[in-house]
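Worksheet for the structure shown next.
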Amino acid sequence: YWEVRFVDLETTRPVPTKSIFLRYEKDPQILYRTIKGVEERISLSDNQRDLVDYLLRRPGAVCTHDELLAFVWNPSKQRKGQSEYPTEENLRQLVHEVREKIEPVLEKPILLITRLGEGYALYLHPLR
């Protein structure tokens, strides 16, 4: 599994490990969030799981809208009720849904960051 430590982007100082971190088990794909020592399992839809999985493959890297749309809505894994022609609005909605589940304060995301005109990034610092 992976453990992820996030940085407080306001001060550029590491957030204390016991404050906020995610643990992602690749197989099966399960995400856990720990805030102030309390761990909870985060339930993710298939698309949400695909988004988190892709972003964690490239931690700290900006993933473009096109990359994410192609990976999450890949025609080879078309799901019931899923749009055949997803838009950036579908992606924005998906990112918002994931933020609702992982961000400690939704209005001030520190885990899943938007880079205007570029895409999204999940910033992390590996545990030492």
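The values are calculated or read from the model by the stated rules, or taken from the named source; none is laboratory data. Bear in mind that the values here come from a model prediction, so they are computed numbers and not experimental data. Here the Cβ positions follow ideal geometry from the backbone for every residue, glycine too, while neighbour counts run over all protein chains shown. Keep in mind that these areas ignore ligands, DNA and RNA; they rest on the heavy atoms of the full protein, side chains included. Shrake-Rupley method; radii C 1.70, N 1.55, O 1.52, S 1.80 Å.
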Residues that are closer than 20 Å to PHE71 by Cβ and of a type in the set (Lys, Arg), drawn from the stretch 23-47: LYS26
Give me the pairs, please: first residue somewhere in the stretch 40-67 and closer than 19 Å to ASN90 by Cβ, second residue anywhere and of a type in the set (Ser, Thr, Tyr) and open to solvent by 20 Å² or more (accessible area, probe 1.4 Å), beta-carbon distance under 9 Å, and either six or more positions apart or on two chains. CYS63/TYR54; GLU67/TYR54
Taking into account only those residues within the stretch 46-76 that are at pLDDT 90 or above and among the polar types (S, T, N, Q), which is nearest to the chain's Cα centre (by Cα)? GLN48
Return the residues of the stretch 60-76 that are touching a Pro at 6+ places or on another chain (Cβ under 8 Å) and in a loop (DSSP other than H, G, I, E, B); say none if nothing qualifies. TRP73
Give the stretch 55-70 a look and list any residue that's over 13 Å from LEU122 (Cβ atoms), in contact with a strand residue (DSSP E or B) (Cβ under 7 Å, 6 or more places away or on another chain) and either open to solvent by 60 Å² or more (accessible area, probe 1.4 Å) or polar (S, T, N, Q) (or both), or say none. THR64
So which residues in the stretch 77-122 are part of a loop (DSSP other than H, G, I, E, B), closer than 21 Å to VAL38 by Cα and either out of contact with any Asp or Glu (no Cβ under 9 Å at 6 or more places or on another chain) or modelled with pLDDT of 95 or more (or both)? GLU103, PRO104, VAL105
Within the stretch 35-43, does at least one residue satisfy the condition of being more than 23 Å from VAL105 (Cβ to Cβ) and either open to solvent by less than 50 Å² (accessible area, probe 1.4 Å) or polar (S, T, N, Q) (or both)? no
